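The values are calculated or read from the model by the stated rules, or taken from the named source; none is laboratory data. Remember, it's a predicted structure, so these values are computed and weren't measured experimentally. All Cβ positions, glycine included, derive from the backbone under ideal geometry; neighbour counts span all protein chains shown. Remember, those area values only see protein heavy atoms, side chains included, never the ligands or the DNA or RNA. Shrake-Rupley method; radii C 1.70, N 1.55, O 1.52, S 1.80 Å.
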Amino acid sequence: MKIVIYGEEGLLSSSIVNALKDGDEIVLGDKKKKMPEGIDVLALSERHSSYIEEIWKGLDPSISILAAFESPVGIAEFMGSGNVFHIPFQHSHSLLRSTMDKIRTQKILEKRLQNHIIGHSRDMKRLRAQIAHSSQTDLPVHLFGETGTGKSMSSKLIHDLSGNRKDYVYVNCSNLNSSIIDSDLFGHIKGAYTSAGETRKGLLGKANGTTLFLDEVGDLPLDTQGKLLDTIETGFYRQVGSDVEEKTSFRLITAAQKSLEELLEEKKIRSDFYYRIKNYSIKTVPLRQHPEDIPDIIKAYEEKRNISEGRIKKDYNKLMGYRWSGNVRELYHFLDRIYVEHHYD
C-alpha cells in the first residue's frame, strides 16, 4: 500500500513503519500541495482534526483515512462512510498494526466487489467501501434507496463478505400475513391456534447463526417491532403458544426506500427500535445520479453474456441522458430486450 502521512510525522511515521509490509511505501504529505497519485491510505494526526470534513469531502472514497486523533467523537459522523478509521494519537504499535490489517482486508474486499458493484463514480466507490467495511462487523445495517438501486444485492454481499457460510434469511415485511405475523417470525407450537397442525420454526429460529434481512422494514407492525427489539436485546424469544424460551443470535440488516430517520418521522418505526438498529446506514443512489457508470455496466453485461463488445456503444450518450426511473434494474431489463429482440450477439 502507498501511505501518505500528514501532521506530526515523528510519532505517527515511526509507528506506521512498524506496521509496514513488503511493498508498502510511505510518503510525507503537504496539505498545500496536490495529493500524490495512487495512494491507498491517508494518515492524519491530531493537528489536522479541524480539516477532517474538508479532507474527507475532497478525497476519493477508495482511499482510507487513518485518523490518529485523541478522540473519535469529532469524526464519528464520517466513520460510517466506510473509509475512515480511528486510532488514539498515543497508540500502541499493536493497535496500529491491527488497524492497518483491517484496512488491507477492506482493500481486498473492495476489489472483489468491483464485479458486483460496477462503476468508477464516487458513489459506487463509496458504496463498495461501505459494504466492505460493514461486512467486517456484526452491527445492524440499514440500506435505503429507490427501487432497483441494489439494496437486496448489497445485503447479500455484506453477508457473503462476512465469511458466514450459512444461507441468510430474507424477509419481505410487506408480504407477511398480518394475522399470523408473529407465527411467521417467531414460529409456533402445535395447537397454538386453530390451523397450527404442527410445530413450526419461525424465521428468527432459522436466522440463528446467520443474517436476518428485513426488506421494507417500515411495513413491519409497530407491536411486532417491539417484540423483535426484545429478541435483539436479550437473544431470546418464545414461539407462539409456548412458555419455553428459545435462543437465537443473528446479524440484522434492514432495507427500505427511506432512511431510518424518515421512517421514524413518519412513525413507521418505533423510536426504541430505531435507536437499537441505527448503526450503519448505507444509501444506494439512483442511476441518474451516476450516469457515468452506465458504459461500465453495459460492458459488464456484455462480457457476462459473451456479447460482442460495444454493439450499442454509439448510444452511450443517449442512455446516459435517460432518467432511468427503475434504476439499474430498468437498465438491465432494457439490455435484455435489446439483445434478445434485436439479436445483438
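Things to note:
- Residues with amide H under 5 Å from that of Gly29, placed H, sequence gap 5 or more: Ile5, Tyr6
- Contact order, relative form, for region 219-345: 19 percent (alpha carbon pairs under 8 Å, 6 or more residues apart, mean separation divided by residue count).
- Looking at region 216-294, the GluC sites (Glu not before Pro) that sit in a DSSP loop and have at most 10 other Cβ atoms within 10 Å of their own Cβ are Glu266.
- Cα-based shape type of the chain, given that a ≥ b ≥ c are square roots of the gyration tensor eigenvalues and the cut on a/c is 1.5: oblate
- Once both labels are positioned 7 Å from their Cα atoms along Cα-to-Cβ, the gap between Asp22 and Ser174 label points is 5.3 nm.
- Two-site FRET efficiency, Met1 against Tyr275, from Cβ-Cβ distance with R₀ of 41 Å, rounded to 0.05: 0.65
- Entries of Lys34/Lys318; Lys2/Lys283; Lys31/Lys107 with Cα pairs more than 31 Å apart: Lys34/Lys318
- A crude spin-label estimate for the pair Phe334 and Asp138, with each label 7 Å from Cα along the Cβ direction, gives 4.4 nm.
- For chymotrypsin sites (Phe, Trp or Tyr not before Pro), the sites in region 163-268 that DSSP calls loop and that have at most 16 other Cβ atoms within 10 Å are Tyr193.
- Region 66-157: GluC sites (Glu not before Pro) in DSSP coil with no more than 12 other Cβ atoms inside 10 Å: Glu70
- Rounded to the nearest 10 degrees, the angle from helix 93-113 to the longest Cα principal axis of the chain is 70 degrees.
- Counting only protein heavy atoms and a 1.4 Å probe, region 183-289 has 49 square angstrom of accessible area per residue.
- With respect to the chain, whose longest principal axis is taken over its alpha-carbon atoms, helix 122-135 is tilted by about 60°.
- Carbon + sulfur, % of accessible area of the chain - ligands and nucleic acids excluded, 1.4 Å: 48
- Shape of region 52-134, Cα gyration tensor, a/c cut at 1.5: oblate
- Cross-link reach is defined here as a Cα-Cα straight distance under 21 Å, omitting same-chain residues fewer than 8 places apart; for Lys206 the lysines meeting it are Lys156, Lys166, Lys190, Lys227, Lys247.
- Accessible area per residue in Å² at 1.4 Å probe, computed on region 32-72: 51
- Shape of region 245-345, Cα gyration tensor, a/c cut at 1.5: prolate
- Degrees separating the helix 222-234 axis from the principal Cα axis of the chain, which is the longest one: 60
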